[in-house]
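These notes are about the structure you will find just below.
What follows is calculated from the coordinates using simple rules that are stated; it is not laboratory data. Treat the numbers as computed from the prediction; the structure is a model and nothing was measured. Cβ sites come from the backbone with ideal geometry, for glycine too, and all protein chains shown count toward neighbours.
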Amino acid sequence: MFRQPHILQHQAHSDLRLLPTADYRFAGGELFMPVVYTEMADVAREYPLVFLKDRALPVALMGIEDGVNAYVDDDGQWLATYVPGRVRAYPFALTAMKEKPDQMAIAFDTEAEQLTRDEGQPLFTSDGKPGTALQGRIDLLQQMQQQEARTAQMVKTLREVGILVERAIRVKRHDGEVGQLTGVEAVDEKMLNNLSLDTFGELRDQGLLPLIYAHLLSMANLRHGAIAGKYPQLAQSQSGQTPTNLDEMFGEGDDDELTFDFD
């Protein structure tokens, strides 16, 4: 999303204003959006909630083709009720300071259309403090940053237990061309069901069961909602069926259908 990130400074950017907008085309090319544990219930209702190899945080899967966010239409409208926190925080983000890596600074996208010098709410007050609009974004970013460590530990535990396995999502189009989305990890239900009672109890006590089941249930969003709306053949290929697990959900389709198939 960030085309030209820059550190926000009062003296250099005191004249900037934030213009409210419902145009999300700035996120139109995002395929993965990192989320924290407090978002997982809202995310799972409308997005596939998956894990990525070598990534610490779970992500909301925004589409199936690189550079195409199915949740942003041509007019910039967001096609879901819940908008992930990182999208709501744009054009701002937290970044570690080079001189002091243990301290965070506020970065912003200098090319963001939401930032103007003529309209909107000023980023800073007359005495140099963050204005109401900027402070709201800072609060959101700080809340998510505080939750990242716990969320990362939850994902790390799933990997240590051994129930996260790498999958490839294959995409077959009308013309027969096959694309592949790799590096995606999913909970293996057989491995989950074969865990010892002690290990399963540890996952329960650590609060991991909501994340596990939110992830498993969320995979139905590949067949419904914005992604299925972007590729109607995909929804039609599963009409009338109620998959009970990942193997059933991602079965082979006809040659003229757009299908997903997990390896």
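Extension gain, His224 to Thr125: 0.36 nm times the residue separation minus the Cα-Cα distance gives 31.1 nm.
Taking R0 as 30 Å, what FRET efficiency do you get between Gln135 and Gln206 from their Cβ-Cβ distance, rounded to the nearest 0.05? With a Förster radius of 30 Å, E is 0.35. Between the alpha-carbon centers of the stretch 1-64 and the stretch 210-228, tell me the distance in whole angstrom. One Cα centre to the other: 19 Å. Once the C-beta distance of Gln103 and Asp15 is scaled by a Förster radius of 25 Å, the resulting FRET efficiency is 0.45 to the nearest 0.05. Of all lysines in the structure, the ones whose alpha carbon falls short of 21 Å from that of Lys156, not counting any fewer than 8 places away in one chain, are Lys53, Lys190. About the Cα centre of the stretch 12-109, what is the dipole size in debye to 20, counting +1 per Lys and Arg Cβ and -1 per Asp and Glu Cβ, all else neutral? Taking the Cα centre of the stretch 12-109 as origin, the dipole is about 360 debye. Peptides 192-204, 123-135, 77-89 ranked from most to least packed by the mean count of surrounding Cβ atoms within 10 Å: 77-89, 123-135, 192-204.
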